[in-house]
Amino acid sequence: MTKEIILKQAKAWGFTCEVDSYGKSLILPHNRQERWKLRIVDEEKWVLIVENVPQLFCSTFEVLQFLERHRTPPPVMYDGTSHH
């Protein structure tokens, strides 16, 4: 999965995509009060940064999972139980 696919999906989910002063792609949260960002390291690896402190490396698959959990509105989860 390429950087372009990740960025395209992030934009489709409403995330802000920017390029930092080093020319590296960034994905930023919808809500600027959330203090995380994802920064590309290379074609297959990203780093999650929280409050400007690098936390962990993520594969492209993990980045998509993270973004899906943080998109607005969150995905509807159907658990199969009735709530009537």
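Pairs only if they're at least six apart or on different chains, beta carbon under 7 angstrom, first in region 18-30 and under 18 Å from V50 (Cβ atoms) and without any contact (Cβ under 8 Å) to a residue 60 or more places away in the chain, second open to solvent by 70 Å² or more (accessible area, probe 1.4 Å) and among the polar types (S, T, N, Q); list them, first residue then second.
These pairs meet every condition: H30/T72.
Pick out the one residue from K37, K8, K3 that is over 9 Å from the mean Cα position of the chain (by Cα) and open to solvent by less than 90 Å² (accessible area, probe 1.4 Å).
After ruling out the rest, the residue left standing is K3.
The values are calculated or read from the model by the stated rules, or taken from the named source; none is laboratory data. Because the structure is predicted, anything quoted here is derived from the model rather than measured. Here Cβ is always computed from backbone atoms with ideal geometry, including for glycine, and neighbour counts include all displayed protein chains. Each accessible area value is taken on the protein alone, full model and side chains, heavy atoms only, with ligands, DNA and RNA left out. Shrake-Rupley method; radii C 1.70, N 1.55, O 1.52, S 1.80 Å.
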